[in-house]
Every structure is written in C-alpha cells, then in structure tokens.
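Peer 1: Quick one: the structure is below, questions incoming.
The values are calculated or read from the model by the stated rules, or taken from the named source; none is laboratory data. Here the structure is a predicted model, which is why all the values come from computation and not from measurement. No Cβ is skipped: glycine too gets one built from the backbone with ideal geometry, and neighbour counts run over all protein chains shown. Please note that ligands, DNA and RNA were not included when accessible areas were found on the heavy atoms of the full protein model with its side chains. Shrake-Rupley method; radii C 1.70, N 1.55, O 1.52, S 1.80 Å.
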Amino acid sequence: MQRDTESFIELLTGAQSAVFGYAMSLCHDPSLAKDILQETNLTLWRKAGDFEEGTNFTAWACRTAYFHVLNQRRKQSREQLVFDEDVFDYLAERQESRSPDTEDRLEALRACLRTLPPQQRDLIDRRYLPGASVQDIAKDDGKSEGAISQALFRIRAALQKCVEHKMMKEGTA
Amino acid sequence: MTRKDRLDRVSLLTSQLLDEVIAAAESAELNELLRGDPETCERYLDLVESHALLLHEHAGDLLPLEIAGLLPFPVHGEPAPGKKALPFRPWGPVLAAAAALTLIVNGYLLWKGADRVPGEPLHVPGVAVLSRLVDADWGASGNPPAEGETVPAGVFRLEAGLAQLEFFSGATLIVEGPAELHLDSEWKIRCESGRLRAFVPEPARGFVIETPEYRAVDLGTEFSLSVGRGGESEVHVVDGEVRLDNREGEEIRTLFGGDGLRSSSGVLESVNGGGSDFIDRRQLLNLANAGSSIRYREWLTTRNTVAADPTTLVLFDFENQEPWDRQLVNQRPGGPQAAIIGARWTEGRWPGKGALEFKRITDRARLHVPGTFDTLSFAAWVRIEGFDRWLSSLFLTDGFETGEVHWQISNQGELILGISDGGPPNTISVPVIHPGDLGKWMHLAVTIDRLTGLVRHYRDGEIVKEETRSGLPPLQIGNAEIGNWQAEGSTNPIRSLNGRIDEFLILNRALTPEEMASIHRAGSPNG
C-alpha cells in the first residue's frame, strides 16, 4: 500500500467520531447521521487528492459533511426539522470553530463513566445499546418515558460536569 | 431567566431531543434558546458530542465497517513499529487479508503492551495463517500447529490430510498431504513435493511457487500444482494466467485457463484437462464442517454430563441463543443466568458455534452466584485477541471482599488467581499465553480447594501452575462479571477483556487433572 494512502486512511479513520458527532449535532438522528458519515467518507475518499497535508483534516471532513447534512435536510419535511435555517447555520458555524479534541473528550468521558454509580452506569449502557430507545427502557422497567428521560438528563448533566472538569484539568496540566 | 437557568434549560431540552421524547413546543423553545447565543450553542454541542461518542462507543466496530466497504483494495501489511495503531481495526471481518491483519495488529499491540526483551520481534513472526485443517497429520513433529495459528517461514511438512494456508500477501493455498514446502516469505514458497491448489487474488499477484524445475509466477488466478517425489511436476491453470520462468528468471511459457503442463527431467509436455481432482475451497469447507459435526457430538456428550453434575453451578455453553438475546442461558437447571451488557454474539470454536465477543471497555456479562464454598473450579474456552492492559478479566467478583475470587490474565500471558484473605492474594502462573496464541481458541481453567489449600492453573487440559496456600477463608462469589470488573470506587483501572468466550463453567468442586484433560479434549476445536 502506498505511504500516503495509508496515512489518508489513518486520518479518515481517526476523524470518524468527530464527523459522526458533527452530523448528530445538526440532524440529531443516529441513523441519518450514520448515512451522512458514510456519504462523507465516500466524498472524502474520492477527493483525497484535494487534501493539503498539514491542514486540519477533521475540519475539512466536517465542512464536507455539512453539505451532506444540508442535502438530507432538504429531503425532510418542515415538520421534521427542529432548527430553522438561521439556527442550523449558526450551529454549523459554531461546531466548526470548536477545538478538535474529540480523542481527549472520549478519554475523559470514559473515565467519567467509570465514576458513575452502578445503577446510572447500567442505564447508560442500556440506553446506548445499538437500537435501544427510551420507550423500550420505560416499558422494561415499568416506568414512564418521562421518568427515564429525566434520569438520563441527570446522568448526562453529571457526565458533562465531570468531562468539563477533566478537560480543564488536563488543559492546564 | 438567568444565564444558568438558560443553560440548564438547554441541557434538559437537548437531552429530551436526543432521547426523541421532546414535544413540539419544547423543540421550538430549544431553537429559540440557541439562536445567536454562543454559550447555549456550546452547551448543546457538548451534549451532542458526548451523545455521539457514547453511540459510537457502544456501536463498536459497526461504523468503521462502513469505511472498509469503500476502500477499493484489501488492507494488509503490518503497522510500522512505533507508529500509532489505527484507532480501530475495521477491515478484519470484511476484507481478504482479514485474518492476517488482525493477527498482526493484535500481535503488535501485545508486544507494545508487554515489557519487551531486547532483540525479540515487534510482531508475530510468520508468513501465513493456518486457516483450516481437515484430518491433518503432522508426523513426528513435536509441536503440531493448530487451526488459526500463525505459520513461520521455513519448512512446512504435512504427512496426510488437508491444510489451508492464508498468506499475508493475500494468496491462499490448499495443501494435500503428504507434502513438503519451504515457506520463504508471504510472497514465495518452494514445493519439494505434494499437491497444492492456489488462489491468488489481485493484490497477491506475483505470488511465486518454485518447483525443482521452474518457478510458477501467478498473475492473478487459480491453479493447481503437484510435484512428485522424483521432482516431476504438473501444473493446471483453472482460471487466469500463470507464467513459468526458469531458474534464471527467463520466461519459459505462459499458461491460461484450461492449460496444463507436465514437466519431467526438463522435458515439458502440454496436457489438457486435469486438475479437477484437486480439492478446492468449497470442498475443503464441506470436509471441515463434516469433521466439526463429529466433534460437535463429542462435545455435546460431555456438556450433558457436566449439566447433570449436581456440583455444577454455572454452565454457559453459548449455544442456541438468538443474536438479540441479552441473557446467557445456564444449562444447569435452576442455576443463575447472566445478563449480557455490550458484548455481541459472534462465532465460536467451530462454524455455527455461538460465542460472545468482548471488545469495548464496557462489554461484560453479569451474574450473581450465592453461597460460600470450600472448593471451586472455573473453566472457559477463550480466544484472546490482544492484551489491551495490564490485567484482563476472565471472571472477577465485584470489588474484592474476603473470600472473593478474581480470575484474570496479565498482559505477559500469565494466569492469575486471586483470593482476598488479607495476605498476598495471587497465585500466578508463568506466561502461558504467547503472541502466537492470539486469535486462537484455548481452554483456561483454575481449581481451588481451600481445605487442602491447593490451587491449580490449567491451560489446554494441562496443569501450568500448582501452589499450596494456607489459611484460605471460605470462598464466595456473589455479584460478579465475566470479561470485566466492577471495582469499588473509581480509582481502579479498567480490566475489560479483548476476546471471545464460547463456554464458561463454574463447579462447586475441584475438577481432577483427568477430568480437566477430558473436558479440554472433548471441546478442542482441533480434534
């Protein structure tokens, strides 16, 4: 395999989480985001020659993903859209200016997951099982969707606080 | 609304949005909260990013598979020493050189993790993977290779039976015994005698088989070749193109699909037809499956005996479970079941055998075994894929209270049995799992008798460590995990397993060495 093909694959592989996250932030539907990731990968692969070494690969990948999200958005009906155009574009812009620290964030998130009490940890595991939904969990536990959603909100808030704390600590270390 | 209220509200609504339980009015509210506000947007993006990471993490290799699908060539070769390994290993299951890559990458990770002895290789030395065996007889060879093992360069001698070699170049050879080959590299072999069938896909073009009289350079095809004891040879091209060169590298002749050539003492003679009596890949698979089904029946008999044993606490055989099952069925009636968290169903020791794959740090199977015990045996069929960290869990009780047992492996390949009793807890074997064992099924077991103090570690039915300990407390399990650990507190590092398990036993007695050998024999995927 050629040296630059190899390093391109490495960059592409390394950017998967970030591009997926980017797509999620704009369309917040995992299966749509997966489609977008796939289309983006294809485009990036075809345009591999356009990438300038030394520039930010993730940023380039996200800009490419943006157009695929936009395409998806055009296919959706008005009712399906959560954000209006202004907010959508603003989010896309904010997202691009974020620091490319997905890997650090993942590390922090993993560490924070371990600090959760077993019950909360278990709920997260069940929520993020492929194909899982709040509806199913509510049914299994004999609780309301609202109760499960509320519990997940609290866990997310706690995780967020923990992740921020860790990122800040590492940033200054 | 204060700043903090706004941010909290965004967190709540975002969480509802991500869980798909948000009402229309709330989603409109979120839209307005985000409009032109960098701070609320930042909060929103943080939450979505964590959400995406969690999804990604729990989806395991699903997403990367999609990249693999769009690569126009198979990926093979080894990561350069010192280079950061790819974040995940997506190509393995999809592409031609899958086995090779997985082994190499795993081997690499293993060596990276271990304290290396200077001069030892950075990756598993070898040129091919032994991907399938049917009734293989290795003759007097002291250490017969097993299915799934890496084959080193050098002499490869098969007395009888069939062996399929998948070279790291991408070429596949089916060897019919008796045969003697010299494996020079993943690109070149020498056939002294025997019958071969070669499949050379595009990326392995240029794969060379030398006979005593010529070199066959494969130009992307399928062909068969035989060399008799006297050096006379025959080659038949099934499909594609093969160029024959003499020793000096000059072309003698190029053969195409349907062409055959016989060579004896330098005399070349065209032969038509033929070659169809060589075993092809489909036939080999059928033969291998037939062999598996005999072994399967033997294994089933032993399993039923264990299931009927009143001292059996847990017998997970991972069989007849559906891909969506999230509970491990205990074959011991009335015994505890285990909840599967994260780990995915996959193939076990033989085609069609169920197994669980433990890959992500969150993967585990949880169970509760009540009671206290004087004697315990643990035994499992395990396929280690790599040592991701210092300790990997086979079976660990939550926390580590007095009398609780921890069974794990170190990244040096040692088996470790810990019993919490205030003193030094561990009985540690010498390293018994080596780089070449990665990706290979093995039987690991440990027995404990607290009254005599005897602790025995086993690998593949043989004792690899024996120690007599004194003053052991009554043994207990309680809440425990296969393939992971719930530590008390958060300071303890992760101990998740990277590998597969397709059988797991716990008995309330110490199995004897004879029994352990027989359980190993009955379940051995290599017959």
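Peer 1: Find the sum over both chains of the accessible area lost when A and B are paired, probe 1.4 Å, and report it in Å² to the nearest 100. The partial results should precede the final answer.
Peer 2: Numbers: alone 11950 and 23790 Å², together 29920 Å².
Chains A and B together bury approximately 5800 Å².
Peer 1: Are there any chymotrypsin sites (Phe, Trp or Tyr not before Pro) in segment B:244-347 that are in a DSSP loop and have at most 11 other Cβ atoms within 10 Å? List them by number. Walk me through the numbers on the way to the answer.
Peer 2: Working: sites: B:Phe256, B:Phe278, B:Tyr296, B:Trp299, B:Phe316, B:Phe318, B:Trp324, B:Trp345; in loops: B:Phe278, B:Phe318, B:Trp324.
Of the chymotrypsin sites (Phe, Trp or Tyr not before Pro), the ones in loops of segment B:244-347 whose Cβ has at most 11 other Cβ atoms within 10 Å are B:Trp324.
Peer 1: In segment B:308-363, if every C-alpha pair distance is counted and binned at 5 Å from zero, what percent goes to each bin?
Peer 2: Final binned percentages: 4, 20, 25, 23, 17, 8, 2, 0.
Peer 1: In segment B:16-49, which GluC sites (Glu not before Pro) are in a loop and have at most 15 other Cβ atoms within 10 Å, using DSSP for the loop call? Intermediate values should be presented prior to the final figure.
Peer 2: Details: sites: B:Glu20, B:Glu26, B:Glu29, B:Glu32, B:Glu39, B:Glu42, B:Glu49; in loops: B:Glu20.
Of the GluC sites (Glu not before Pro), the ones in loops of segment B:16-49 whose Cβ has at most 15 other Cβ atoms within 10 Å are B:Glu20.
Peer 1: Using amide H atoms built in the peptide plane, which far-off residues or other-chain residues are under 5 Å from B:Gly483 H to H?
Peer 2: B:Leu394, B:Phe395, B:Leu396
Peer 1: With the full set of protein chains in place, find how many percent of the accessible area of the protein assembly as shown is carbon and sulfur; take the probe as 1.4 Å. Let's see the in-between values first.
Peer 2: Values: 14810 of 29920 Å².
Carbon and sulfur: 49 percent of the exposed surface of the protein assembly as shown.
Peer 1: Moving to a separate point now. Can you work out D for segment B:185-305 in µm² s⁻¹ from Stokes-Einstein, where Rh is the Kirkwood radius over C-alpha pairs, the temperature is 10 °C and the viscosity is 1.306 mPa s? Please list the in-between numbers first.
Peer 2: Details: Rh = 15.7 Å.
Estimated via Stokes-Einstein, D reaches 101 µm²/s.
Peer 1: Which of the peptides B:494-507, B:384-397 is most tightly packed, and how do the rest follow, judged by the mean count of other Cβ atoms within 10 Å per residue?
Peer 2: Values: B:494-507: 24.7, B:384-397: 22.5.
Most protected by this proxy first, the peptides run B:494-507, B:384-397.
Peer 1: Taking beta carbons within 10 Å but only from partner chains, what does the mean come to for residues A:22-28? Let's see the in-between values first.
Peer 2: On the way: counts 4, 2, 9, 10, 2, 0, 9.
Across A:22-28, the average partner-chain Cβ count within 10 Å equals 5.
Peer 1: Apply the Karplus parameterisation 6.51 cos²θ - 1.76 cosθ + 1.60, with θ equal to phi minus 60°, to every residue of segment A:44-57 and state each ³J(HN,Hα) to the nearest whole Hz, in sequence, with x for glycine and proline.
Peer 2: 4, 5, 5, 9, 3, x, 6, 6, 8, 4, x, 8, 6, 5
Peer 1: Would you mind checking the radius of gyration and Dmax of segment B:186-226 based on alpha-carbon positions, in Å?
Peer 2: Taking only Cα atoms of segment B:186-226, I get Rg and Dmax of 9.5, 27 Å.
Peer 1: While we're looking at this one, here's another question. Per residue, how much accessible surface does the protein assembly as shown expose to a 1.4 Å probe? Answer in Å², no decimals.
Peer 2: Numbers: 29920 Å² over 700 residues.
Result: 43 Å² per residue.
Peer 1: How high is the relative contact order of segment B:343-402? Use alpha-carbon pairs under 8 Å, at least six apart in sequence, and give a whole percent. Before the final figure, lay out the partial values.
Peer 2: Working: 27 pairs, mean separation 11.6, N = 60.
Relative contact order here is 19 percent.
Peer 1: Let me ask something else about it. Within 10 Å, count the other beta carbons around each residue, average over each peptide in A:159-167, B:348-356, B:440-448, B:148-156, and list them highest first. Could you put the intermediate results ahead of the total?
Peer 2: Working: A:159-167: 17.0, B:348-356: 20.2, B:440-448: 24.1, B:148-156: 18.7.
With the highest mean Cβ count within 10 Å placed first, the list reads B:440-448, B:348-356, B:148-156, A:159-167.
Peer 1: Related question: Given H placed on each backbone N at 1.01 Å, which residues far from B:Ala128 in sequence or on other chains put an amide H within less than 5 Å of it?
Peer 2: B:Val151, B:Phe168
Peer 1: Would you compute, for the Cα atoms of the protein assembly as shown, the largest minus smallest coordinate along each principal axis and list the three values in descending order, in whole Å?
Peer 2: Sorted largest first, the three principal extents are 96, 71, 46 Å.
Peer 1: While we're here: Diagonalise the Cα gyration tensor of segment A:45-173 and give the resulting equivalent ellipsoid semi-axes, square root of 5 times each eigenvalue, largest first, whole Å. Provide the component values of the computation, followed by the final result.
Peer 2: Numbers: eigenvalues 197, 116, 39 Å².
Taking √(5λ) for each eigenvalue gives 31, 24, 14 Å, largest first.
Peer 1: For the protein assembly as shown, give me every cysteine whose Cβ has no other Cys Cβ within less than 4.7 Å, ordered by residue number.
Peer 2: Flagged as lacking a Cys partner: A:Cys27, A:Cys62, B:Cys41, B:Cys191.
Peer 1: Go through segment A:6-85 and name the GluC sites (Glu not before Pro) that are in a DSSP coil and have 13 or fewer other Cβ atoms within 10 Å of their Cβ. Please report the intermediate quantities before stating the final value.
Peer 2: Values: sites: A:Glu6, A:Glu10, A:Glu39, A:Glu52, A:Glu53, A:Glu79, A:Glu85; in loops: A:Glu52, A:Glu53.
Sites meeting the loop and neighbour criteria: A:Glu52, A:Glu53.
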